[in-house]
Amino acid sequence: MKKDLNLKTRSNLEEVGDLTDCLFCKIANKELPSEIVYEDDDVLAFRDINPQAPVHVLIIPKRHIASLSDLTEDDKDAMGHLMFVASKLAGDLGIGEGFRVVVNCGKDAGQSVFHIHMHLLGGRSLGWPPG
Ligand code: 5GP
Ligand code: ZN
């Protein structure tokens, strides 16, 4: 089991390549600008550059994790932290009455940036099922 996880992590690192090339690591490090709505030691939340709803925020761990498929036991607290920030931000950003959190995992699900991120969407009626 542990061996499998190690192999997976190694292959995904190869997919991302040099971590210094990771777009969201650069945003987390403030090497690239973003419209930040929340920050603490471990998490950054910023507005999506191509919003799909009146409120569309991306919530990321500052530490690089490629995708949900790459989580290890060590990441459980980090993922809970992201979810808690989503809950708090929904209220702060005025969408507490109805919002959606989405984590796309892998190319077939539409993941385009391989640094894990939670989309927080709201401010309009959200259809179901998603596309
Ligand atoms: P994914 O498709 O991987 O689930 O989501 C990636 C999201 O990142 C997309 O919604 C896309 O609009 C957003 N995005 C891509 N590049 C940038 C950027 O440079 N800045 C910001 N703020 N968002 C970005
Ligand atoms: Zn990264």
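The values are calculated or read from the model by the stated rules, or taken from the named source; none is laboratory data. Source: prediction; values computed, not measured. Neighbour counts are summed over all protein chains in view; Cβ atoms, including those assigned to glycine, are modelled from backbone coordinates with ideal geometry. Heads up: the accessible areas ignore ligands, DNA and RNA and are worked out on the full protein's heavy atoms, side chains in. Shrake-Rupley method; radii C 1.70, N 1.55, O 1.52, S 1.80 Å.
Subtract the Cα-Cα distance of L126 and C105 from 0.36 nm times their separation in residues, and report this length gain in nm to one decimal.
5.6 nm
Return a whole-number percent for the relative contact order of segment 36-106, with Cα pairs under 8 Å and 6 or more residues apart as the contact set.
Worked out over segment 36-106, it gives 26 percent.
Express the accessible area of segment 13-122 per residue in Å², computed with a 1.4 Å probe while the remaining protein chains stay in the model.
So segment 13-122 comes to 55 Å² accessible per residue, rounded to a whole number.
With each run of n ≥ 4 DSSP H residues scored as -39500 (n - 2.57), what mean residue ellipticity at 222 nm is computed for the chain after dividing by its residue count and rounding to the nearest 500 deg cm²/dmol?
-9000 deg cm²/dmol
Compute all pairwise cysteine Cβ distances in the chain, then list the cysteines with no distance under 4.7 Å to another cysteine.
C105
Once you compute Rg and the Kirkwood Rh from C-alpha atoms, what is the Rg to Rh ratio for the chain?
Using Cα coordinates only, the ratio equals 0.97.
Using a 10 Å Cβ count of at most 15 others and DSSP loop calls, identify the longest part of the chain lacking such GluC sites (Glu not before Pro).
Counting at most 15 other Cβ atoms within 10 Å as exposed, the longest clean stretch of the chain is 36-96.
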